[in-house]
Amino acid sequence: MSLASVMVMICCLLLTGATFIVAENIKFILKNIEGQNSITVYLFKDADLEKVKLGINNIENISSYDFYSKEEAIKDYEGMLGERVSGFFKGESNPLPDAFHVSFSDLSQYSATISEIMKIEGVDTTSDRSEIAEKLSNLKHIFAAISFWIVISLGAVSLLIISNTIRIAMHNRRFEINILRSIGATNNFIRLPFAIEGVAIGTFSATLSFFALRIIYSWFVKIANNTIPFNILPFEKFSNQMLIMFISMGLILGLIGGLVTIGKYLKKEMSEVVVW
Amino acid sequence: MITITNIKKVYEKNIFALNDVSLNIEQGEFVFVVGASGSGKSTLLKLILKEEEITSGNIFISGANITRIKKRELPYYRRKMGIVFQDFRLIDKMTVFENVAFAMRIVGANERSIRRRVPYVLSLVSLEGKSNRKPCELSGGEKQRVGLARAIVNNPKIIIADEPTGNIDPSMSYEIVELLANINLHGTTVIMVTHDLSVVEKFPFRIIELCSGKVRADSAGFIDYQSENITKVS
């Protein structure tokens, strides 16, 4: 039964670890996307570039910006329009406005930042990506909530399994416990070996899960790097955090599982010292 | 030592396991409790061990009313007693020495005193040469002697023996009771529940007979005046 609980606990910890890894990777990818996320701020034809720069500099949520001249813009259109057509729009007859590519540090303040940009003198309009920004931000929150409930549910499953193991162990040793109680053993004296068993199951499962996850994830990273178009975090980035999390979970779940079960068992089923 | 006053134990549906029982057992006394199945012998022991609550009445042990003992104080209360079981209740994976020593460990004895006391107690029950044996290597009588050694190792004031001769052959039975009698000589109160009348007849100790939850006979002459069926055994 101990083997079964170790196996189930390993499965629970692996799933918890996998959830943690996915969450960390989503965070990492979102951060990358956020970093790359930029909008284009279009200026009026007679806009004072220096004043606009000063205005942009004063907005806290802007992490970086680049000037994007109308000449560069028409060059970019050359491929689409062809050199002959684009040739008509060079110099004074260029209909495109000057612009700035602006990147934000925090996407959740997107709308407020856009409003601030629009207040700058010389700014005509912006390319609006508020919907994408909102979706990315929502996805992060949703995943955080999902991960939280996954971890809670798996924790509850582990607790139940450890608790059942301890209950069976206590049932198997009820004869011994009866003797202990008849001689005058305190509940703490009876609890101690079972609490140790719970902690041992928890810690052992945590250690095995950590190494199993490390092997599985490293193998996954190798495959993913050749197939997924973005980078994912290497295991070493969160290995310490993961080990601490697993060991703490194993210790706490094992100890709580053990103590709660023993408490209940001693109250309900072991009330009799001598069974005649 | 043990004073039981008008105790009643009523289970569900008004079943009286013990009905208005009063007894007085002096310190250093040896008492046989006899009676048919369902007479209330087990209930009496359970109440003394405070394994079950008394419906009404009181039990005083060394002047202390055990009905007032709190749950957390129970282990310390039980340490004053040694219990001998009919089925020995030895732990198979432990040696004879360990079976006795662990009773001392429970009460927090140090290893030095365990190493000194356990061989002495084993010699009292003539098992000095078998301390490294496992229970499965012992006869029924020897197992019961280990049980006895475990019961006395912490110097209890009272020994409660529940049918200690029930699972051993008659010749060994006398030996076990003789050992209990020897322990009793040192001032330990012994309450022995038994069905074995041949043993009871052989030893000149007080006999309490229970019948349908009442004291039917008491050789000490303690009379339950509220019971009409009381008989005095001389």
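The values are calculated or read from the model by the stated rules, or taken from the named source; none is laboratory data. Just so you know, these numbers come straight off a predicted model, no measurement behind them. Quick reminder, even Gly has a Cβ in these numbers, built from the backbone with ideal geometry, and neighbours come from all protein chains shown.
Checked against the criterion of being over 13 Å from the mean Cα position of the chain (by Cα), among the β-branched types (Val, Ile, Thr), at pLDDT 90 or above and assigned to a helix (DSSP H, G or I), the range B:12-30 contains not a single residue that satisfies it.
Candidates are the residues of the range B:72-100 that are more than 9 Å from chain A (Cβ to nearest Cβ) and free of Cβ contacts under 8 Å to residues at least 40 places away in the same chain; the one that is surrounded by the most Cβ atoms within 10 Å (Cβ to Cβ) is B:Phe97. If the condition is being of a type outside the set (Phe, Trp, Tyr) and assigned to a helix (DSSP H, G or I), then the range B:48-80 contributes B:Ile48, B:Ile66, B:Thr67, B:Arg68, B:Lys71, B:Arg72, B:Glu73, B:Leu74, B:Pro75, B:Arg78. When A:Val41 is evaluated against the numbered criteria (1) surrounded by 17 or more Cβ atoms within 10 Å (Cβ to Cβ); (2) modelled with pLDDT under 85; (3) among the aliphatic types (A, V, I, L, M), which criterion, by number, is the only one it fails? The number of the failed condition is (2). Looking at this structure, is A:Phe211 away from chain B (no Cβ under 14 Å) and part of a helix (DSSP H, G or I)? Yes; evaluated as a whole, the condition is true for this residue. Per the listing A:Ile183, A:Ile201, A:Ile196, A:Ile162, the residue uniquely over 23 Å from the mean Cα position of the chain (by Cα), farther than 13 Å from A:Ile10 by Cβ and crowded, with 20+ Cβ neighbours inside 10 Å is A:Ile183. Considering the conditions (1) within 17 Å of the chain's Cα centre (by Cα); (2) not in a loop (DSSP other than H, G, I, E, B), B:Phe88 is excluded by exactly one of them, (2). If only residues of the range B:125-139 that are touching a residue at least 40 places away in the same chain (Cβ under 8 Å) and over 17 Å from B:Ile83 (Cα atoms) are counted, the one that is surrounded by the fewest Cβ atoms within 10 Å (Cβ to Cβ) is B:Cys136. When A:Arg181 is tested against (1) among the basic types (Lys, Arg); (2) without any contact (Cβ under 8 Å) to a residue 40 or more places away in the chain; (3) within 14 Å of another protein chain (Cβ to nearest Cβ), only condition (2) is not met.
Show me the helices (runs of 4 or more DSSP H) found entirely inside the range A:86-196 where at least 3 residues are of a type in the set (Ser, Thr, Tyr) and on the phi < 0 side of the Ramachandran plot.
On the way: elements: A:110-118, A:130-172, A:174-183.
Counting at least 3 such residues, we get A:110-118, A:130-172.
Whether a residue is among the polar types (S, T, N, Q) and out of contact with any strand residue (DSSP E or B) (no Cβ under 8 Å at 6 or more places or on another chain) was assessed, and A:Ser115 passes this test.
This table checks each residue for (1) away from chain A (no Cβ under 14 Å); (2) surrounded by fewer than 19 Cβ atoms within 10 Å (Cβ to Cβ).
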| residue | (1), (2) |
| --- | --- |
| B:Ala149 | no, no |
| B:Ser173 | yes, no |
| B:Glu178 | yes, yes |
| B:Ile183 | yes, no |
| B:His186 | yes, yes |
| B:Thr189 | yes, no |
| B:Ser198 | yes, yes |
| B:Lys202 | yes, yes |
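In the set (1) part of a loop (DSSP other than H, G, I, E, B); (2) within 11 Å of chain A (Cβ to nearest Cβ), B:Thr43 fails one condition alone, (1).
Can you name the helices (runs of 4 or more DSSP H) wholly within the range B:132-223 that have at least 3 residues being touching a Gly at 6+ places or on another chain (Cβ under 9 Å) and not small (Gly, Ala, Ser)?
Values: elements: B:140-152, B:170-185, B:197-202.
Helices (runs of 4 or more DSSP H) meeting the threshold: B:140-152, B:170-185.
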